[in-house]
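This report concerns only the one structure given below.
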Amino acid sequence: MAGTLNFSPDDSYNAFITTCAEAPFGDGALAGIAVAIKDNLSTAGIQTTCASRILAGYIPPYDAHVVELLRGAGAAIVGKTNMDEFGMGSTTGTSAFGPTKNPIDPERVPGGSSGGSAAAVAAGLVPMALGSDAGGAIRCPAAFCGIVGFKPTPSRVSRYGLIAHTSSLEEIGPMARTVGDVSRLLSVIARYDPRDSTMVDRPYDHEPSADIKGLKVGIPAEYFGEGVDERIAEQVRTAVGVLEDLGADLVPVSIPGMRYALPAYSIICMSEASSNLARYDGVRYGPAVDTKKSWHEAYQDLRGEYFGVEARRRILLGTLTLSAGYAGRYYAKALAARRNIARDFERAFSDLDIIAGPTMPTVAFRPGEVTDPLALYRLDALTVPASLAGIPAISVPCGRVDNLPVGLQLMGRRFEDERVIDAAFAYEQEVRA
Amino acid sequence: MITESDIEHIAELADIGISKDEVPEFARQFNAILEYFSTIESVEGEGAPAAGAANAFREDEPRPCLPQEAVLANAGSTENGYIKAPRVM
């Protein structure tokens with residue numbers, strides 16, 4: 001049944017940077033299904049920009065492993081979705097191709113950085129999409145747009161062909177309107193690939209089950225406290241009550257290391273970004289560097305002109321936190337904080353199966369409502385801990401506040417992605433019934 | 001305390017061009033952000049690699065790679081099958 005899917009959506013939310021009007025597809029588990037791909041995943045022959053002018057016009061000569069797998073499963077790759085430039089943001093507002101709007105309320109941000117993928121799914125332009133998540137970039141837009149988004153355990157999905165931003169944290173994951181579709185997409189992309197040396201051969205082959213009797217669910221006080229909209233906390237408590245009604249046991253828990261999560265995350269992320277983004281010099285790809293100028297002058301001019309302000313801010317901050325005199329104070333401490341948080345979660349999970357809390361401390365806001373860089377970094381407070389701990393985490397819609405979607409975040413033990421999917425599936429089946 | 005000349009120095013290290021008008025704003029923001037980062041100075045213990053990270057070795061054997069045309073296709077400036085870069089000296 002191989003063929004071509006015609007895809008010419010009315011993209012009024014600016015979810016896509018590139019669309020493929022005639023998308024070929026094949027046979028397989030996803031035969032003929034339209035899948036949108038975040039624009040930091042390499043697609044052979046299809047422009048891939050990371051929403052940056054410094055990669056405008058770049059046509060990858062190869063597919064990311066996940067894209068190969070999607071094509072192999074028969075999916076139609078219908079386009080590349082908008083994002084914050086290189087994933088640097090939580091609003092999809094730092095894209096060089098203009099902001100994406102939230103389909104639930106176009107006056108509001110869709111979240112980010114996988115905001116284009118979330119908007120494309122929420123608007124019904126595609127049933128499923130791929131995003132990437134270093135500190136919440138799948139879960140945040142999923143929560144803001146009222147869809148399901150999952151960050152798998154690191155090393156289960158190959159990152160070969162994912163354009164590097166923050167290598168020790170970033171994962172590729174599925175986004176869709178239902179937990180079932182998220183699970184379906186994950187079964188296609190979670191396959192071993194030796195080209196990502198951090199991979200473990202733990203393929204995902206799982207049919208979601210709604211039976212969660214006896215599941216021990218931890219409720220960390222830190223996720224319901226300061227900085228979290230009280231109405232969101234209440235909504236999520238209600239959602240957790242649904243899990244209890246389904247037979248789960250709720251247990252209070254504490255993640256004390258969480259207070260250091262945000263600064264640790266920001267330091268690691270920016271340090272790695274400053275190193276990873278050193279490759280954009282206009283020599284091998286991207287806008288051509290002026291080869292008449294001297295080495296440093298040519299690069300400074302090109303990188304000053306083509307990187308957006310947030311990318312330049314983060315490269316500078318990351319260069320600073322890795323530089324002599326600062327690396328010990330910031331980068332080394334951030335690594336220690338990451339290990340402490342991972343241990344806190346490990347301790348908590350010695351007696352628990354799942355940890356539950358809100359995905360985001362607020363609902364989707366209007367562009368311009370939050371502009372200070374520090375205030376924007378703080379939005380990631382509830383998503384970065386799972387990233388630092390290296391555990392799987394899902395955001396599943398759990399009602400509304402001010403008529404805007406709220407996300408329930410469920411986190412699990414390393415390699416227990418199946419259990420996280422089951423808990424989300426049980427919740428979803430119950431509230432939809 | 002980050003000064004405006006610190007910002008200019010970091011921009012040099014990172015090969016990031018910044019305009020004169022941006023320097024004071026970056027300096028102001030960086031001081032606020034670093035003050036926030038400093039909360040982790042009290043964290044105890046040593047750092048460790050990301051959870052589950054380990055060295056992965058493979059045999060050093062030649063493997064297929066992209067053809068030369070594909071590698072050169074995205075380069076802004078090429079000559080005789082080479083990629084051209086700005087002069088170093």
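Values quoted throughout were computed directly from the atomic coordinates according to the rules given, and no laboratory measurement underlies them. Worth saying up front: this structure is predicted, and the values here are computed from it rather than measured. Positions of Cβ are generated from backbone atoms using ideal geometry, with glycine treated the same way; all protein chains shown enter the neighbour counts.
So the values come out like this:
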{"item": "Candidates A:SER113, A:SER158, filtered to the one that is within 13 Å of the chain's Cα centre (by Cα), within 25 Å of A:TYR58 (Cβ to Cβ) and assigned to a loop (DSSP other than H, G, I, E, B)", "result": "A:SER113"}
{"item": "Of residues in the range A:19-54 being more than 19 Å from A:MET175 (Cα to Cα) and either out of contact with any Phe, Trp or Tyr (no Cβ under 7 Å at 6 or more places or on another chain) or acidic (Asp, Glu) (or both), the one surrounded by the most Cβ atoms within 10 Å (Cβ to Cβ)", "result": "A:PHE25"}
{"item": "Among the candidates B:PHE37, B:PHE57, residue that is part of a helix (DSSP H, G or I) and either of a type in the set (Phe, Trp, Tyr) or at the interface with chain A (Cβ under 7 Å from one of its Cβ atoms) (or both)", "result": "B:PHE37"}
{"item": "The range A:274-296, residues that are touching a residue at least 12 places away in the same chain (Cβ under 8 Å), assigned to a helix (DSSP H, G or I) and either facing chain B (nearest Cβ under 7 Å) or in contact with a Phe, Trp or Tyr (Cβ under 7 Å, 6 or more places away or on another chain) (or both)", "result": "A:SER274, A:LEU277"}
{"item": "Residues (buried (at least 18 other Cβ atoms within 10 Å of the Cβ) and β-branched (Val, Ile, Thr)) located in the range A:305-325", "result": "A:ILE315, A:THR319, A:THR321"}
{"item": "Count of residues meeting criterion [more than 14 Å from chain B (Cβ to nearest Cβ) and within 24 Å of A:TYR62 (Cα to Cα)] in the range A:165-214", "result": "13"}
{"item": "Criterion: over 23 Å from the mean Cα position of the chain (by Cα), within 7 Å of another protein chain (Cβ to nearest Cβ), among the small types (Gly, Ala, Ser) and assigned to a helix (DSSP H, G or I) - qualifying residue of A:ALA332, A:ALA337", "result": "A:ALA332"}
{"item": "Qualifying residue in the range A:297-304 (condition: in contact with a strand residue (DSSP E or B) (Cβ under 7 Å, 6 or more places away or on another chain), buried (at least 23 other Cβ atoms within 10 Å of the Cβ) and part of a helix (DSSP H, G or I))", "result": "no"}
{"item": "Some residue of the range A:123-142 being among the hydroxyl-bearing types (Ser, Thr, Tyr) and assigned to a loop (DSSP other than H, G, I, E, B)", "result": "no"}
{"item": "Given (1) part of a loop (DSSP other than H, G, I, E, B); (2) touching a residue at least 60 places away in the same chain (Cβ under 8 Å); (3) not aromatic (Phe, Trp, Tyr), index of the condition A:THR371 fails", "result": "(2)"}
{"item": "Failed item, numbered, when A:ARG347 is tested on (1) in contact (Cβ under 8 Å) with a residue 12 or more places away in the chain; (2) more than 7 Å from chain B (Cβ to nearest Cβ); (3) closer than 30 Å to A:GLU222 by Cα", "result": "(1)"}
